[in-house]
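I have placed the structure first, in the form of structure tokens, so that the comments after it can refer back to it.
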Amino acid sequence: MELNVFILFMAAIFTSNILLTNFLGMCSYLSVSRQIESSLGLGFAVFFVMTCTTALNYFVYYFVLVPLDIVYLQYIIFIIVIAAFVQLTEMVIERLSPVLYYSLGIFLPLITVNCAILGVSLFMVIRNYSFIQSVAFGAGSGIGWLLAILALAGIRQKVNDTFVPAGLRGAGLSLIITGIMALGFIGFSGIAVIQ
Amino acid sequence: MKQTKKYLSERKFYPVFFMVILTVIFVGVLAVFYHLTQARVQTYKAHQFQKMVLLTLDLPVDQIEQNYNTYITEESQSGFDYYFAKRNDEIIGYCFKIEGSGLWGMINALIALNQDFSELIGFRIIDQNETPGLGARITEEWFQKQFQDKKIRHDGELIKFTMVPEDDIPENNQVQQVTGATSSTRAVVDMLNKNLVKIIQEFKPE
Amino acid sequence: MTKKQIFINSLYHENAVWRQILGICSALAVTNQLMNSLVMGLGVVFTLAFSCFTISLLRNYIPARIRMMVQVLIIASYVIIVDLFLKAFLPDISKALGPYVGLIITNCIIMGRAEAFAMKNTPLNSAIDGIGAGLGYAFVLLIIAFFRELFGFGTFFGFQILGQWWTKWSIMVMAPSAFFMLALLMWFVYNVQLKNKKD
């Protein structure tokens, strides 16, 4: 795949944003974006896990699944790798920095089911990225997700002071805001083709 | 002391042990299921592929395997798998298997060219992973038909395909895009143009 | 709770989409056509029922530390079984569902019900809860898809309803419309429930 790694990285952040263009990773995005601090925490955690698991899954796919002809198990294996990695990260953080552990607390288990993380690994396979490309794609998507959740958190904080109908408060408004952001991002489509 | 030891080892090894056993069981079940269904899936896939080749070349599909064996010869050259169709010892067309990158994954298609590669007589997408209901509409009849029976060479030069918005009326080798799926449409057009260039280069028809 | 109560609860009162805000990703991608939404909905119902049942069966043996991994393993296995089954016996439907298989595995609803209910209740009850949640989700999907397909394509399950005179609302075909429709749905349900409380 002849594709400039830097362009791939930038495109993964902006023009092919995993959340606003591919609509993956919505659940935690909607519930956590109430506060900027927690959004930052979750965003970084997602970035870290996404980058590492994409790299790991690359090896697993090309050095285990393909040679053994068990590609149909890729969903299971990928998600187990992700779950195991998150579990490991949680244990390491708990031992190394209890402060960080308590602030990240519930987010780590939440990341395991983040469809964006599995999605990025699956994309990497479908689009035939090389190792460097996969890492760039994973890192870029992670940063893109982080920026998206920060954007929503920021907007929600501003909007808090205005009048919102009771039925729309919280999730309803977040959905509308995200919908408008997604509309804006459609304008990016076609700028950089990363496939 | 002994109790703590037992508790510790249960803490450390039991989860891993449990996970491994469970994984083995479930993966085992899946493997069995997979192998049981594979024969069916492969037969179906081969059947579908033959059907697609016949359709692209505008040949009858009433008896797929029979017709395929009667008309089609499989060949491979310069990295392309192609199938040429002969009726009564006369070559009626060449069917090439091409691929290109789509928005979500690879797009695989079959294109049929006439004897002197001057016309694209058939086009069928056989595999794609685009957004269902949106990009995936590239498999719809109206879209694929736009590429069919089109002159692609003029004075030895390749006439490329280009995109126009869905409301415009396309002329010659212009194709209407799928509304809301610019990327997928462009992916198809690019795939076609790139592969046509390559094919003409490699096979050098007059 | 009686079985009926469990069912109604997970279907309506604690509806996965509008109450718990789960399963959004797939609700956005799938709902531009009714057929796809139906297939997705049924896939989720099946996976939910069997996964919750199995997880509930094992609930006393799963070590707390790795329960997420175990749940994910079980869920993924059932999804793959569904996928393999469809590929072999209903290939056309499999083609429609294909891209969504990954989405079902990470569908937060399944994990959510597993954690919230299946880990603490008996297998049969868990299965019922799962079916209720799945149907509630499917129901929301179908409502959104109804409007999106009607206004975006003018069709209903593929059958043309609105003729040529209808200018298709392209935005309904693209994903952002799902955001807006979902928000509207939530608003509507909120007001309905508010009215019911007042009466």
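Restricting the chymotrypsin sites (Phe, Trp or Tyr not before Pro) of segment A:92-195 to loop positions (DSSP other than H, G, I, E, B) with no more than 11 neighbouring Cβ atoms within 10 Å leaves A:163. Each Cα pair under 8 Å and six or more residues apart adds its sequence gap; the mean of these over the residue count of chain A is a relative contact order of 45 percent. In chain B, the DSSP-assigned H stretches of four residues or longer account for a calculated mean residue ellipticity at 222 nm of -15500 deg cm²/dmol, using -39500 (n - 2.57) per stretch and the full residue count as denominator. Of the solvent-accessible surface of the protein assembly as shown, computed with a 1.4 Å probe and all protein chains present, 63% belongs to carbon and sulfur. Axis angle, to the nearest 10 degrees, between helix C:67-89 and the longest C-alpha principal axis of chain C: 50 degrees. Buried on complex formation within segment C:1-47 (loss of at least 50 square angstrom of accessible surface versus the isolated chain, 1.4 Å probe, ligands and nucleic acids ignored): C:21, C:25.
Ligands, DNA and RNA excluded, the heavy atoms of residue C:90 present near 80 Å² of accessible surface to a 1.4 Å solvent probe.
If you take the Cα centroid of segment B:16-39 and the Cα centroid of segment A:1-36, the two points sit 33 Å apart.
Compactness of chain B was expressed as the Cα radius of gyration divided by 2.2 N^0.38 Å, which yields 1.48. On the basis of the beta-carbon distance and an R0 of 35 Å, residue A:164 and residue C:4 show a calculated FRET efficiency of 0.45.
Rolling a 1.4 Å probe over the protein heavy atoms gives segment A:5-183 an accessible area of 39 Å² per residue.
Size descriptors for segment A:5-183 (Cα atoms only): Rg and Dmax, in that order, 17.0, 59 Å.
Measuring how big segment C:3-198 is from its alpha-carbon positions, Rg and Dmax come out at 17.6, 62 Å. The heavy atoms of residue B:25 present about 90 square angstrom of accessible area, all protein chains included, probe 1.4 Å.
What is the magnitude of the charge dipole of chain A about its Cα centre, with +1 placed on the Cβ of each Lys and Arg, -1 on the Cβ of each Asp and Glu, and no other charges, expressed in debye to the nearest 20?
360
Rolling a 1.4 Å probe over the heavy atoms of the protein chains gives segment C:54-199 an accessible area of 43 Å² per residue. Could you compute how much accessible area chains C and A hide from each other, both sides summed, with a 1.4 Å probe? Nearest 100 Å² is fine. Its buried surface, counting both partners, is about 3100 Å².
In units of the rule-of-thumb radius 2.2 N^0.38 Å, the protein assembly as shown shows an alpha carbon radius of gyration of 1.03. At the listed q of 0.13, 0.18 Å⁻¹, the Debye profile of segment B:22-138, built from one uniform point per Cα, gives log10 I(q)/I(0) equal to -0.64, -0.99. Ranking B:58, C:129 from most to least accessible surface, computed with a 1.4 Å probe over the protein chains only, gives B:58, C:129.
Evaluated at q = 0.13, 0.21, 0.31 Å⁻¹, a Debye calculation over the C-alpha positions of segment A:121-168 (equal weights, vacuum) places log10 I(q)/I(0) at -0.50, -0.74, -1.04. Centre-to-centre, using Cα atoms only, segment B:49-89 and segment C:1-59 are separated by 45 Å. Between segment C:90-164 and segment A:70-138, the alpha-carbon centres lie 25 Å apart.
Projecting the Cα atoms of A:103, A:46, A:173 onto the charge dipole of segment A:5-183 (Cβ charges, centred on the Cα centre) puts A:173 farthest toward the positive pole. For B:198, C:95, the ranking by accessible surface with the largest value first comes to C:95, B:198, using a 1.4 Å probe. For residue C:184, the accessible area of its heavy atoms, probed at 1.4 Å with every protein chain present, is near 90 square angstrom.
The values are calculated or read from the model by the stated rules, or taken from the named source; none is laboratory data. Computed from a predicted model, the values in this text were never measured in an experiment. Heads up, the Cβs are rebuilt from the backbone with ideal geometry, glycines too, and the neighbour counts pull from every protein chain shown. We work out accessible area using only protein heavy atoms, side chains counted, and drop any ligands, DNA or RNA first. Shrake-Rupley method; radii C 1.70, N 1.55, O 1.52, S 1.80 Å.
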